[in-house]
Amino acid sequence: MVVQGRELSTEDIGLIQGLLVAHRDWSRTRLSEEICRMWDWRNARGRIKDMAARSMLLKLERGGFIRLPDRLRLSTNGFRNRNAPLMAHASAPICGALRDLRPLAVRIVEPVLSLTIIRKVVFTQIRDESGCISHIAGGTLLH
């Protein structure tokens, strides 16, 4: 399987699982750095590809291949930590064929806060009982 542009074998995933068991005290950062060093995974300037390794680990966790240690702190990315304000909206399911829902309009949503609000409303509507959100446009599941 290819993850983050890297071909991963069953042995590679087993190695990561083994590191997680043997080093329960390691943070996610330490784990990604050690994997980069073990695989000599570096960019063109010779720096370890720590962020690519972290993304790979998250994708493996989302795929159910590994269980990462809890995060030590929240992300410093302000956009990731932003919560949309609660707002009243229609919550009844919309059912039926798309042709019966016409006229429909598509609008570009700006600024970013508006997009955040819309994501919250839409994702709230399609959240399933396990807490997963189906992100239709990307075809991926977010936890």
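When Ala97, Ala84, Ala53 are screened for being modelled with pLDDT of 75 or more and either within 20 Å of the chain's Cα centre (by Cα) or of a type outside the set (Gly, Ala, Ser) (or both), only Ala53 passes. Going by the conditions given, is Arg37 modelled with pLDDT of 90 or more and not in a loop (DSSP other than H, G, I, E, B)? Criteria met by Arg37. Collect the residues in the range 24-36 that are without any contact (Cβ under 8 Å) to a residue 24 or more places away in the chain and surrounded by 12 or more Cβ atoms within 10 Å (Cβ to Cβ), keeping them in residue-number order. Within the range 24-36, Arg30, Glu33, Glu34, Ile35, Cys36 qualify. Among the residues making up the range 7-34, a single one is basic (Lys, Arg) and not in a helix (DSSP H, G or I): Arg24.
The values are calculated or read from the model by the stated rules, or taken from the named source; none is laboratory data. Because the structure is a prediction, the values reported are computed rather than measured. Please note: Cβ atoms are built from the backbone with ideal geometry, for glycine as well, and neighbour counts cover all protein chains shown.
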